[in-house]
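What follows draws every value from the coordinates through simple rules; no lab data is involved. Note that the coordinates shown come from a computational prediction; the quantities given were computed from them, not determined experimentally. All Cβ positions, even for glycine, are placed from backbone atoms using ideal geometry, and neighbour counts span all protein chains on display.
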Amino acid sequence: MTASPRALDLVKVAAIAADSKQGEDLVALDVSGPLPLTDVFLLVTGRNERNVLAIAAEIEDKLIEFGAKPLRREGRQEGRWVLLDFGDIVVHVFHEEDRMYYSLERLWKDCPAIPIELPVTRSVE
């Protein structure tokens, strides 16, 4: 199995939203093979709890604007690991320490990575 076109569109929207709030180390994994309930995990790192919450809020807002419906949200109280479940895509926004500790990339290492293309922003000189 491979991720659906809809899931790939959601990844693009979520990645751009994460990048706009200084989300770092974005990794998208096609988990459609081993997980029948979702197609893609998007992993994002925030520098601190406040940044994690800002990234998660921006991703959620942009995905809703795009027409996706949130099924579940977890972790907003602590701001260390926020999980946003939109059915086709599950977004994990981690504090950098928690991302290293839980190491989902290692856990899902057999799943293919999905390339993430972000728009290039030019600085004014």
| Antiparallel bridges, percent of DSSP beta bridges restricted to the chain (to nearest 5) | 70
| field | the stretch 56-125 pair-distance distribution - Cα-Cα, 5 Å bins, rounded % | value | 3, 13, 18, 21, 21, 14, 6, 3, 1
| field | Order of LEU71, LEU43, LEU104, LEU29 under a 10 Å beta carbon neighbour criterion, fewest first | value | LEU71, LEU104, LEU43, LEU29
| Charges only on Cβ, +1 for Lys and Arg, -1 for Asp and Glu: so what's the dipole of the stretch 5-114 about the Cα centre, in debye to the nearest 20? | 140
| query | Candidates (i) 13.5, 37; (ii) 13.7, 49; (iii) 18.9, 64; which is the computed Rg and Dmax of the Cα atoms in Å? | reply | (ii)
| Lys, Arg +1 and Asp, Glu -1 on Cβ, resulting dipole of the stretch 72-111 about Cα centre, debye, nearest 20 | 60
| request: Eight or more residues apart or on different chains, and alpha-carbon atoms under 19 Å: count the Lys pairs in the chain matching that. | output: 4
| query | Helix-derived [θ] at 222 nm for the chain: sum -39500 (n - 2.57) over DSSP H runs of at least 4, divide by residue count, nearest 500? | reply | -10500 deg cm²/dmol
| message | Students often get this wrong: which residues of the stretch 49-77 have the backbone nitrogen under 20 Å from the point 7 angstrom along Cα-to-C-beta of ASP25? | response | 49-57, 59, 75-76
